[in-house]
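Beneath this line is the structure, given in structure tokens, with notes to follow.
The values are calculated or read from the model by the stated rules, or taken from the named source; none is laboratory data. What you are looking at is a predicted structure, and each value in this text was computed from that prediction instead of being measured. Note: ideal-geometry Cβ built from the backbone for every residue, glycine included; neighbour counts use all protein chains shown. Surface areas here come from the heavy atoms of the whole protein model, side chains and all, with no ligands, DNA or RNA. Shrake-Rupley method; radii C 1.70, N 1.55, O 1.52, S 1.80 Å.
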Amino acid sequence: MKHWHETRAVLDRLAELRRAGRRAALATVVRVRGSAYRHEGAKLLVAEDGSTVGNVSGGCLEQDVREVALQVLRSGTPQLKSYCSSTDEIAAWDLGVGCEGQVDILVEPVLEERARERGLLDGRVPFVVCTVIRPGKGEGGRDRLVVTRATVEGDLGSAPLNREASARARARLGTEDSGVVEIAGRAVFCDVFLPPPELIICGAGDDARPLARFAADIGFRVVVVDRRAAYLTAERFPTAAALIESRPEELLQRLAPDAACYAVVMTHNFADDQGYLRALVGTPVPYIGMLGPRQRTERMLQILGAAAALGERDAARIYGPVGLDVGTDGAEQVALSVIAEILAVRSGRRADSLRERQTPIHAATE
């Protein structure tokens, strides 16, 4: 999610620089061997004045990458830099990279605004950007290929390479697995972009505001729903992607929640909460959080069950009381516990302390 959120900020900044006639270089993590603080697809944009947006490590590589980017702007030639070849995980983490092996970063001058990628992000269309990071013998640098389910735009230098790269890219759509593929002696980086998960907050009271703000900060597309129009203002929810006035019975006429959506019901009104819950259980939403005491949620479930509005598997998707048991006090702490629970559900993880985890936090790479 941070990858999407950060990329949007990078592309927005790039558009500003291009409109101002200023040059920029883009650094992208293209390969990780071992575990890493940041993963494939993480980006750092460096303007010609040295200002930056994004990051590619825990903070300690940025200065060096910035200098490489300024060199790239002077020469016009991309560079592929490798960092952290140490086998000492503790030393590597202290350097801000956080890996046992190696992180490869492609630094390239950016010659256009990349409006196509920005438009696809806004349209919530999954896509992959293919870039040649190791050309074939005697070849120079090539352009990019932007691949969706239905379209291919751009050029990597040859029709066969375009076809194979497009096929490899489409195989990664629906995953979050950016990475390097080998095609006829060339190394091609497939940078995967998925639409951000959506958080639907039913209820625009004061305690919904920190939840909306924190969720947007970590990359959720936040939609706030309430039947009370006066509560749905940009001043109250400046980070929300959409503010929707809707009674519970109208919800599915205004929204089409899917399996990439998560929902929290928190109107503080029993009838309204029950109505939104009734609407949501009829959708593929994998998480429905219910604010309030357990007995209150159980009473709603009994009513829905008696009305045959609750399927056998629906109860497993309902989390009430909502949030992790971390001893919260106040709306901000409740919001953090709710977001943590959603992230655990989304990743399929048990919400335990990492101290108790005996296996690696991140899936092993090369």
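Here are the numbers for the structure shown:
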{"read-out": "Relative contact order (percent, whole number), the chain, Cα cutoff 8 Å, 6+ residue spacing", "value": "12 percent"}
{"read-out": "HN-Hα J in Hz across segment 333-341 - Karplus 6.51, -1.76, 1.60, θ = phi - 60°, x for Gly and Pro", "value": "5, 4, 4, 5, 5, 5, 4, 4, 5"}
{"read-out": "The chain: angle of helix 208-217 to the longest principal axis, Cα-based, in degrees nearest 10", "value": "20 degrees"}
{"read-out": "Distance between segment 109-131 and segment 277-305 - C-alpha centres, whole angstrom", "value": "38 Å"}
{"read-out": "With every protein chain in place, segment 138-272: carbon and sulfur % of accessible area (1.4 Å)", "value": "47 percent"}
{"read-out": "In segment 230-307, the GluC sites (Glu not before Pro) that fall in loop regions by DSSP, at most 11 other Cβ within 10 Å", "value": "GLU235"}
{"read-out": "Added length on full extension, which subtracts the Cα-Cα distance from 0.36 nm per residue, ASP177 to VAL345", "value": "58.6 nm"}
{"read-out": "Accessible area expressed per residue, segment 264-311, with surrounding protein chains retained (probe 1.4 Å, Å²)", "value": "43 Å²"}
{"read-out": "For the chain, with +1 on Lys and Arg beta carbons and -1 on Asp and Glu, the positive-most of GLY58, GLY123, VAL264 along the dipole", "value": "GLY123"}
{"read-out": "Between segment 208-276 and segment 14-83, the Cα center-to-center distance that results, in Å", "value": "36 Å"}
{"read-out": "Rounded FRET efficiency, nearest 0.05, which uses the C-beta distance separating ALA331 from ARG124 and R0 of 25 Å", "value": "0.30"}
{"read-out": "Between helix 62-75 and the chain: long-axis angle, C-alpha atoms, 0 to 90°, nearest 10", "value": "50 degrees"}
{"read-out": "Three-way shape label, the chain, alpha-carbon gyration tensor, a/c 1.5", "value": "prolate"}
{"read-out": "Rounded tilt (10° steps) of 270-280 against the dominant C-alpha axis of the chain", "value": "50 degrees"}
